[in-house]
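Here's the structure we're looking at; comments come further down.
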Ligand code: ASP
Ligand code: MG
C-alpha cells in the first residue's frame, strides 16, 4: 500500500485535480490510499467567515458561503462528466453548504465563537474537498470511496490542536481502509479532522493533514507515505533568501522534525511521529513537478558525507534578558522564568544561559514579547527591589538562525566554522544555543542581518 497525502494547493483548482487523478492512476498498482486537505486557502476563509458571523456581518458571511459553494460547484461541473454522478455530488455539496450556513447562523445568534465551534466549521473544508475528489476519481474510472475521518480518528477535546488516541484510531483505520484497498477501491480520507469519543468534531492543528497522512499510512502499514505539495522538497535554505539553495535528496526523521520546527514549512512537525515507529519512509513530492525525485525522509538517509544540511531563520522574535549578580548560584530562577511564561502562554523559542549564571536570555515571538516582559517583571518584582536581579530588558526584532544536520553529531569544528563564517560576513551574534543532541546549532542576530548570516553559513558548508 502507498499512502498519498495531497495538500491544499494540490487539490485547489481544476488542473491540479486533474494531476491528482493522473498520479493516482499511475500508482494504482501500489494500492494507493489518499488523504487530502481542503482546497487551498479554504480553511482560512472558513475561519475568517466565522469571525464575521460572530460580529453579525451577515452580508459578508452570505457572500463568503456563496463563494465557497461556487468554487466547489465549478469543480463538479468541470471535472465530473457522468450526469447522475455529478448531480449526486452537487446534492451532497449543497447539503454540506446548508449545514455550514446553519453553523454560521448559530454563531451569529449566540454571538459566541468557541474553539469547539471553530473546529466544526473548519471541518467543512476537508469534507467538501474529499467528497469531490472521490467522485472525480470514480468519474475517471478509478473506484474510490469518500471517508470522513471523524468516524475513525479519535482525539481528546483539545479543540484546535487535539491529540490523537492511537489505541482507538489505528485499529479503526486499519479495519476500515484495508478491506477497501483489497477490493481495489481507493479510500479518500479527510485530513486534519477527527472527533472525540462523544463524536464532537475536532481538528489536529493547522496544516495537520500531513499528520493525518502519516497516521493513516502507519495504520495500514503503507510501504511509503508520500506528501504531495507545491515544492520539490526540503531545501538547504529558503530559496527566496539564499542564492544556491538546493533540494535535499535524503534526510532523517530527526532532521525533518528539527527543520520543520525551524521555519522550513514543508511538512508538519508531527508527521514524522507515526512513521518513525514503523520505519515507514516519507517522501515529499511536488504535484507541479511530479517527475522530480523530491526529498526522502527515513531512519538512515544517505548523507553524502555532509555535516550540516540546512540553514534556516525565524524572524519576528524578541530577546528578553534577565541579569543580575544576585542570581548566581540561586536555584530556581530558570524554573520561575519558565513557569511564569507558561502561565502567560508565551512560547519560548530558545534559551541561553552562560555558566556564570549572571544572565539568562530567552527568545520569544515578538507579538508575545511585551506581555512576556511584563509577566517577568511582575514575577521578579521583589528580586528587582532587593537587587538580586538588576534588570529585565528586551530588544528586537531579532532572528534565530538554525543550522541543522545529523552529521554534526560528534564532528569537531562545526560551531567554529559556523561562527567564523558569520563573523566574516560582519554579522554580530547576540546569543547562542546548542542542544546536547548536537543536531542543531542556533544563534540570534538582529533581524536585518539574518539574511546575510544565513547566506554566509550556507556558503561555508557548501550546502
Ligand atoms: N486545511 C487545513 C489547514 O489549512 C489542514 C491542512 O491544510 O493540512 O490548516
Ligand atoms: Mg494546507
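Every number here is computed from the coordinates shown, using simple stated rules; none is lab data. Predicted model, so just to flag it, every value in this text is computed and none were measured. Positions of Cβ are backbone-derived with ideal geometry, glycine not excepted, and every protein chain shown enters the neighbour counts.
For region 432-463, list residues with backbone N below 19 Å from a point placed 7 Å from the Cα of residue 426 toward its Cβ?
Within reach of a label on residue 426: 445-460.
How much of the calculated P(r) for region 210-261 lies past 19 Å, in percent of all Cα pairs? Walk me through the intermediate numbers first.
Working: 503 of 1326 pairs.
Tail fraction, whole percent: 38.
Relative to the longest principal axis of the chain, what angle (0 to 90°, nearest 10) does the C-alpha long axis of helix 14-26 take?
80
Using only the alpha-carbon atoms, how far is helix 115-139 inclined from the longest principal axis of the chain? Give it as 0 to 90 degrees, nearest 10.
That works out to roughly 50 degrees.
For an R0 of 30 angstrom, estimate the FRET efficiency from the Cβ-Cβ distance between residue 462 and residue 279 and round to the nearest 0.05. The partial results should precede the final answer.
Details: r = 30 Å, r/R0 = 1.02.
Rounded to the nearest 0.05, the efficiency is 0.50.
Could you give the nm distance between label points at residue 342 and residue 438, where each point is 7 Å from its Cα heading toward the beta carbon?
3.0
Please arrange 58, 229 by counting, for each residue, the other beta carbons lying within 10 Å of its beta carbon, fewest first.
Numbers: 58 13, 229 24.
Starting with the residue having the fewest Cβ neighbours, the order is 58, 229.
Counting other beta carbons within 10 Å of each Cβ, put 129, 222 in order, fewest first. Mind dumping the intermediate values first?
On the way: 129 29, 222 25.
Ordered by Cβ neighbours within 10 Å, fewest first: 222, 129.
Which of rounded, prolate, oblate describes region 70-156, given a ≥ b ≥ c as roots of the alpha-carbon gyration tensor eigenvalues and a/c under 1.5 marking rounded, otherwise prolate only if a/b is larger than b/c?
Working: a/c = 3.41, a/b = 1.70, b/c = 2.01.
Since a/c reaches 1.5 but b/c is at least a/b, the shape of region 70-156 is classed as oblate.
Calculate, in whole percent, how much of the Cα-Cα pair population of the chain lies beyond 32 Å. If you can, show how the numbers build up before the last one.
Numbers: 51301 of 106953 pairs.
Cα-Cα pairs in the chain separated by more than 32 Å: 48 percent.
Please determine, in degrees from 0 to 90 and to the nearest 10, the orientation of helix 414-424 with respect to the longest principal axis defined by the Cα atoms of the chain, where the helix direction is its Cα long axis.
Roughly 80 degrees between the two axes.
For every helix of n ≥ 4 consecutive DSSP H residues, a contribution of -39,500 (n - 2.57) applies; sum these over the chain, divide by its total residues, and give [θ] at 222 nm rounded to the nearest 500 deg cm²/dmol.
Working: 14 runs with 197 residues, N = 463.
Rounded to the nearest 500, it is -13500 deg cm²/dmol.
Assuming R0 = 45 Å, can you tell me the calculated FRET efficiency for the pair residue 57 and residue 181, based on Cβ-Cβ distance, to the nearest 0.05?
Working: r = 45 Å, r/R0 = 1.01.
E(calc), rounded to 0.05, equals 0.50.
Please compute the modelled spin-label separation between residue 371 and residue 334, points set 7 Å along Cα→Cβ, answer in nm with one decimal.
Using points 7 Å along Cα→Cβ, the separation is 2.5 nm.
I need to check one value: relative contact order of region 66-201, counting alpha carbon pairs closer than 8 Å and at least 6 residues apart, in percent.
Numbers: 156 pairs, mean separation 35.0, N = 136.
So the answer I get is 26 percent.
Modelled label-to-label distance, residue 27 and residue 265, 7 Å Cα→beta-carbon offset: nm?
2.4
Give the order of 379, 95, 30, 255 when sorted by the count of other beta carbons within 10 angstrom, beginning with the fewest.
On the way: 379 19, 95 11, 30 15, 255 25.
Ascending number of Cβ neighbours within 10 Å: 95, 30, 379, 255.
Within region 195-223, whose backbone N sits under 13 Å from a point 7 Å along Cα→Cβ of residue 110?
Under 13 Å, as judged by backbone N against the label point of residue 110, lie 201 of region 195-223.
By per-residue mean of other Cβ atoms within 10 Å, what is the highest-first order of 7-16, 175-184, 405-414?
Values: 7-16: 20.2, 175-184: 14.2, 405-414: 16.3.
Descending packing order for the listed peptides: 7-16, 405-414, 175-184.
Just how far, in whole angstrom, is region 1-30 from region 226-254 if you go by their alpha carbon centroids?
Their Cα centres are 20 Å away from one another.
With contacts defined as alpha carbon pairs under 8 Å and 6 or more residues apart, what's the relative contact order of the chain in percent? Before the final figure, lay out each step's value.
Working: 952 pairs, mean separation 60.5, N = 463.
That works out to 13 percent.
How high is the relative contact order of region 1-49, in percent, counting Cα pairs under 8 Å that sit 6 or more residues apart?
On the way: 55 pairs, mean separation 26.5, N = 49.
The value is 54 percent.
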